[in-house]
Amino acid sequence: MLHYLVARATARLAGSGRTRKAPQLITGLMASADGPMTDDMRPALDERRELVEARADATLDAATADNESWIMALGSAPRDPRKVATWRRHARTVAAYRDCYGITEDSPLGPMPESTVQKIDHVRARVAVEQGQAVTSLSASGSAP
C-alpha cells in the first residue's frame, strides 16, 4: 500500500493529462510529491526526498574531493554555473546508483547487473553518465547545450 501511495504521489502527468506515469528515477531518488495524497504524507515524502538527495550529494562531493576514477569518467565539472547544475544532477544520479548497489569499482557503473531492478537502474545511470559527459564536452568546446 505504501509503495502504491508513493508511486501515485510522485507520478507525472502523461501527455494527455488524463493519466499519470511513474517517474523514471534511480531507486532511492524521488521526484517531488505533486500527486494526490493526504496532508501528512506530503511533508514526509518531501523530507525523505531531501534526505536521499543530501546523501547522493555527499557521496558525489566525497568522490569529487578524492578524485575517484569513476567521477573522472564523467569529465570535469563545467565552469559555467548553469552547466554545473546540469552536470551535478547527472553525476548525482550516478552517485546514487553506486551507493544503492554498493559499487566500489573504478568504472562509474561497475559490473553488469544481474537483477531486473538493477538492470533498469543501470540503464538510467548509463544515460546519466552519457549526459554528464555531453555537458562536459559542450563546455570544453564552448558550445551551448
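The values are calculated or read from the model by the stated rules, or taken from the named source; none is laboratory data. All figures in this text were calculated on a predicted structure; none of them were measured in a lab. All Cβ positions, even for glycine, are placed from backbone atoms using ideal geometry, and neighbour counts span all protein chains on display. All accessible areas refer to the heavy atoms of the entire protein, side chains included, with ligands and DNA or RNA removed. Shrake-Rupley method; radii C 1.70, N 1.55, O 1.52, S 1.80 Å.
Taking the criterion of being free of Cβ contacts under 8 Å to residues at least 12 places away in the same chain and in a helix (DSSP H, G or I), the residues of the range 40-62 that qualify are Pro43, Ala44, Glu47, Glu50, Leu51, Ala54, Ala58, Asp61, Ala62. For Trp70, the conditions (1) at negative phi; (2) loosely packed, with under 13 Cβ neighbours inside 10 Å all hold with the exception of (2).
Of all residues in the range 109-121, those that are farther than 14 Å from Ala96 by Cβ have Cβ atoms under 7 Å from Cβ atoms of residues that are open to solvent by 30 Å² or more (accessible area, probe 1.4 Å) and assigned to a helix (DSSP H, G or I), 6 or more apart or on another chain, in Pro113/Lys119.
Out of everything in the range 114-132 that is closer than 12 Å to Leu74 by Cα and hydrophobic (A, V, I, L, M, F, W, C), what residue ends up being most open to solvent (accessible area, probe 1.4 Å)? In this case the residue turns out to be Val127.
What's the total number of residues in the range 72-114 that are of a type in the set (Ser, Thr, Tyr), more than 20 Å from Arg49 (Cα to Cα) and modelled with pLDDT of 90 or more? Summing the residues that are of a type in the set (Ser, Thr, Tyr), more than 20 Å from Arg49 (Cα to Cα) and modelled with pLDDT of 90 or more in the range 72-114 gives 2.
When the residues of the range 81-103 are filtered to those that are out of contact with any Ser or Thr (no Cβ under 6 Å at 6 or more places or on another chain) and more than 14 Å from Val129 (Cβ to Cβ), the one that is least open to solvent (accessible area, probe 1.4 Å) is Val84. The set of residues in the range 104-113 being open to solvent by 40 Å² or more (accessible area, probe 1.4 Å) and of a type in the set (A, V, I, L, M, F, W, C) consists of Met112 alone.
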